[in-house]
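The values are calculated or read from the model by the stated rules, or taken from the named source; none is laboratory data. Note that this is a predicted model, so its numbers are computed, not measured. Glycine gets a Cβ as well: all are built from the backbone with ideal geometry, and neighbour counts include every protein chain shown. Side chains are part of the model used for accessible areas, which takes the heavy atoms of the whole protein and leaves out ligands, DNA and RNA. Shrake-Rupley method; radii C 1.70, N 1.55, O 1.52, S 1.80 Å.
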Amino acid sequence: MLVLFETPAGFALFKVLDEGKLSNVEDLWKDFATSESARQVVKLKAFNKFENTTEALSAATLLIDSKPSKGLRKFLRTHCDGETLAVADSKLGNAIKEKLKIDCLHNNAVMELMRGLRNQLTELISGLATQDLAPMSLGLSHSLSRYKLKFSPDKVDTMIIQAIGLLDDLDKELNTYAMRVREWYGWHFPELAKIVQDNIQYAKTVKLMGDRVNAADLDFSEVLAEEIEAELKEAAVISMGTEISDLDLANIRCLCDQVLALSEYRAQLYDYLRSRMNTIAPNLTALVGELVGARLIAHGGSLLNLAKQPGSTVQILGAEKALFRALKTKHATPKYGLIFHASLIGQAAPKLKGKISRSLAAKTALAIRYDALGENTDSSMGLENRAKLEARLRVLEGRELGRSAGSAKGKPKIEVYDKDRKKGAGALITPAKTYNTSADLLLGPATTPEQDGALSRKRKHEEVETESAKETTDASVEEDGKKEKKKKKKSKIEETNDNDATVEAAEPEKKKKKKKIEGSSAEFVNNDETTVPENDEEPSTKEKKKKKRKNAETEEPSVNVEEQETETKSKKKEKKKKEKKGGE
């Protein structure tokens with residue numbers, strides 16, 4: 001029986017000298033404890049050496065896939081005629097049996113024999129030292145690992161990192177040079193800055209025109225449109241700029257040449273970057289574009305480092321400063337970083353940018369891993385995910401439109417009306433007003449003239465009743481008021497009688513006048529009005545005190561009482577005049 005053993009230097013065939021020892025698997029390791037005992041069990045029959053690392057790598061990769069290489073097949077045909085071959089891989093044994101018609105064996109005894117051969121390999125193979133075997137195994141393992149990762153020189157992302165960095169620097173330099181050209185030439189022709197907005201067209205126009213006096217004789221059709229050209233020539237005639245020398249114009253034209261050369265080189269660099277991105281990361285380019293994808297790779301350090309990041313990190317990559325500031329101040333964290341400049345997020349509404357950026361970051365993380373570690377080099381996965389994201393964006397926008405219109409999927413949503421509802425898109429800010437039923441006009445049924453007459457009589461009767469009821473209520477109110485007034489007047493009359501009695505006792509000559517005053521006061525009582533008697537002559541001190549007490553007792557003197565007093569005085573004067581005339 002022969003044993004096939006693979007080494008970094010080549011394939012080895014060992015002849016089993018004593019097959020009986022394979023029956024005792026548990027004690028087989030004792031036979032390989034020393035090199036002398038190992039030589040008694042197995043003996044090297046043949047050795048097939050690899051010529052170079054490429055052959056060794058191809059043979060090793062085929063063995064991983066359980067396939068014999070061309071050199072191995074030739075080696076086995078030469079040395080395995082009519083022999084049983086022990087192999088470490090059962091699948092490899094089946095392949096050899098099918099193609100070479102050699103009986104193969106694989107069991108626990110064979111695996112234990114392989115373990116013993118590996119332990120005493122340098123002693124059993126002459127000319128293979130340990131110091132030579134170690135670098136061979138290390139180099140083969142590196143080559144094999146690189147092959148398993150499908151490493152390719154086209155996948156080197158260092159070029160992308162350098163290209164995107166140089167592209168950003170070129171943009172800054174171009175802007176600086178273009179603004180310098182505008183500022184420098186603006187002293188001679190300031191109106192040109194407003195007429196020509198594009199920096200490259202401005203540089204080409206300045207280089208072609210030179211002095212503004214030459215504008216009328218030149219043709220700018222290759223650089224500018226017809227309308228702008230006509231406006232430029234009109235402005236050149238009436239320009240307010242200063243005169244400049246030929247030396248100044250020469251320097252300005254040299255600067256214009258630099259601007260144009262940088263713009264051309266930037267266009268070439270952008271084409272190079274786009275081709276490299278389509279080669280190295282086609283799915284990432286399909287999702288977010290060349291510039292955003294290149295900036296993500298440059299920020300992550302490499303495509304492989306970026307593939308190790310989760311989607312949440314890819315989403316905020318480039319916004320680390322804002323993230324840590326938000327965590328420190330306990331504010332809302334940023335929703336997007338470099339990925340914000342992707343076209344999908346630019347298409348979304350402001351309210352939907354956060355959702356789309358989260359979805360795009362998740363798909364971008366998958367695309368980066370597929371580009372970094374996948375075998376295929378097409379952009380089918382990226383295009384498929386982009387179509388899904390665009391469909392999701394349309395769904396979100398349609399949902400927002402449906403909410404604003406009151407429908408979910410184009411169908412009207414019937415809801416119970418609630419006047420006090422204050423939540424939702426169709427909410428009422430204030431509760432609805434109730435309907436005023438008292439403002440309605442009621443139209444009765446049609447009636448005949450007889451019914452109209454009866455109705456008019458009823459209305460008149462009702463009006464008379466209402467008027468009588470009002471009169472009775474007014475009369476009752478007046479009677480109550482009169483009773484109160486009479487009580488007050490009686491008390492006042494009694495006081496006046498007391499005063500009159502004292503006055504009669506003091507001065508009997510004035511009885512007639514007092515009687516007249518009492519008669520007039522009685523007349524005022526009948527008219528529900530009160531009067532205070534006044535005497536032409538001055539009363540005594542006691543009478544004055546009593547009058548003061550009366551004034552203090554009367555709580556509510558009114559304006560009507562004063563008017564009545566003035567009327568009584570005028571009447572008294574008229575009576576006195578009549579009496580004098582009668583006495584004469």
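Counting only residues that are among the acidic types (Asp, Glu), exposed (fewer than 12 other Cβ atoms within 10 Å of the Cβ) and farther than 15 Å from GLN120 by Cβ, the range 1-46 holds 4 of them. Scan the range 343-377 residue by residue and report those that are outside any loop (DSSP other than H, G, I, E, B), open to solvent by 80 Å² or more (accessible area, probe 1.4 Å) and of a type in the set (S, T, N, Q). Correct list: GLN347 only. Taking the range 150-213 and the helices (runs of 4 or more DSSP H) fully enclosed by it, the elements with 3 or more residues that are among the hydrophobic types (A, V, I, L, M, F, W, C) and under 39 Å from the mean Cα position of the chain (by Cα) are at 158-186.
Selection of the range 234-247 for residues being assigned to a helix (DSSP H, G or I), out of contact with any Lys or Arg (no Cβ under 7 Å at 6 or more places or on another chain) and surrounded by 15 or more Cβ atoms within 10 Å (Cβ to Cβ) yields only ALA235.
Listed by first and then second residue, the pairs with beta-carbon distance under 7 Å, at least 6 apart or on different chains, first residue in the range 122-141 and free of Cβ contacts under 8 Å to residues at least 12 places away in the same chain, second assigned to a loop (DSSP other than H, G, I, E, B) and of a type in the set (A, V, I, L, M, F, W, C), are THR122/LEU128; THR122/ALA129.
Examine the range 124-147 for a residue that is more than 30 Å from GLU222 (Cα to Cα), of a type outside the set (Lys, Arg), at pLDDT 90 or above and touching a Leu at 6+ places or on another chain (Cβ under 8 Å), and state whether such a residue exists. There is no residue in the range 124-147 that is more than 30 Å from GLU222 (Cα to Cα), of a type outside the set (Lys, Arg), at pLDDT 90 or above and touching a Leu at 6+ places or on another chain (Cβ under 8 Å). Against the criterion of being under 24 Å from MET136 (Cβ atoms), aliphatic (A, V, I, L, M) and in contact with a His (Cβ under 6 Å, 6 or more places away or on another chain), ALA59 does not qualify.
Condition first: crowded, with 22+ Cβ neighbours inside 10 Å and either assigned to a helix (DSSP H, G or I) or in contact with a Lys or Arg (Cβ under 6 Å, 6 or more places away or on another chain) (or both). Can you find one or more residues in the range 316-337 that meet it? No, there is no match, as no residue in the range 316-337 is crowded, with 22+ Cβ neighbours inside 10 Å and either assigned to a helix (DSSP H, G or I) or in contact with a Lys or Arg (Cβ under 6 Å, 6 or more places away or on another chain) (or both). Tell me, please, whether a residue that is modelled with pLDDT of 80 or more, among the β-branched types (Val, Ile, Thr) and closer than 29 Å to GLU98 by Cα can be found in the range 26-35. No, the range 26-35 contains no residue that is modelled with pLDDT of 80 or more, among the β-branched types (Val, Ile, Thr) and closer than 29 Å to GLU98 by Cα. With respect to the stated conditions, GLU229 is surrounded by 17 or more Cβ atoms within 10 Å (Cβ to Cβ) and without any contact (Cβ under 8 Å) to a residue 12 or more places away in the chain.
Residues in the range 337-365 that are without any contact (Cβ under 8 Å) to a residue 40 or more places away in the chain and over 10 Å from the mean Cα position of the chain (by Cα): GLY337, PHE340, ILE345, GLY346, SER359.
Residue pairs whose Cβ atoms lie under 7 Å apart, sitting 6 or more positions apart in sequence or on different chains, and linking a residue in the range 205-220 that is farther than 22 Å from ALA178 by Cβ and open to solvent by 10 Å² or more (accessible area, probe 1.4 Å) to a partner that is assigned to a helix (DSSP H, G or I) and of a type in the set (Gly, Ala, Ser), are ALA216/ALA236.
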